[in-house]
1. Can you compute 3J(HN,Hα) from phi for each residue in segment 32-44, using the Karplus curve 6.51 cos²θ - 1.76 cosθ + 1.60 with θ = phi - 60°, rounded to whole Hz and x for Gly and Pro?
2. For the chain, how big is the tail of P(r) above 28 Å, as a whole percent of Cα pairs?
3. To the nearest 20 debye, what is the magnitude of the charge dipole of the chain about its Cα centre, counting +1 on the Cβ of each Lys and Arg and -1 on the Cβ of each Asp and Glu?
4. Take the Cβ-Cβ distance between Ile27 and Asp103 as r, set R0 to 25 Å, and report the resulting FRET efficiency rounded to the nearest 0.05.
5. Sorted by average packing, counted as other Cβ atoms within 10 angstrom per residue and highest first, what order do 12-23, 34-45, 124-135 take?
6. Pull out the extension gain between Lys120 and Arg68, defined as 0.36 nm times the separation in residues minus the alpha carbon to alpha carbon distance; nm, one decimal.
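Readers should treat all values here as calculations from the given coordinates under stated rules, not as data from a laboratory. In this text, all values refer to a predicted model and were calculated from it rather than measured experimentally. For neighbour counting, all protein chains shown are included, and Cβ atoms are generated from backbone atoms with ideal geometry for every residue, glycine included.
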Amino acid sequence: MRKIDKRPEPKEWVEYRQTPGAKYEAISELRSSLLEEQGYVCAYCMRRIPVKDRNSNETSRIEHVLSREKHPDRELDYHNMVICCPGAISSDFHCDKLKGNEDLTFNLFDDELFTSLSYKSKSGKIVSANEDYDRQINQLLNLI
């Protein structure tokens, strides 16, 4: 993982979300903006995008950091969205696909998370000095 510096939302997304009655839809300009903002890597595991999931044929997923189910007021908030890989290697789920509607206690846009992280050189495992963050990295995101 690395810190994501959010840019201003694309004008097409602003126009879309200001449409009366707008509900979340992954419009192409939104996906393109998130991909460019993150350098075409997954917000969680940093896999290169596009990669295709063998089962769903997806190349990326738009992730709501705070879930749409629990936070419907944030479903159109660009600053609550990141781009993720398809979330499956063989039959093991990870990243957004495993996280589902759970909320993370850490913030992908804040330095606090990243000062707590270290990486194991042999395994590539991500470890946090914060026990709650570490549990979520391993159990909710499966970044082992």
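1. In residue order, the calculated couplings are 4, 5, 5, 4, 5, 4, 9, x, 6, 10, 4, 4, 9 Hz.
2. Percentage above 28 Å: 16.
3. Result for the chain is approximately 620 debye, rounded to the nearest 20.
4. 0.55
5. Peptide ranking by packing, descending: 34-45, 124-135, 12-23.
6. Full extension of this stretch gives 15.4 nm more.
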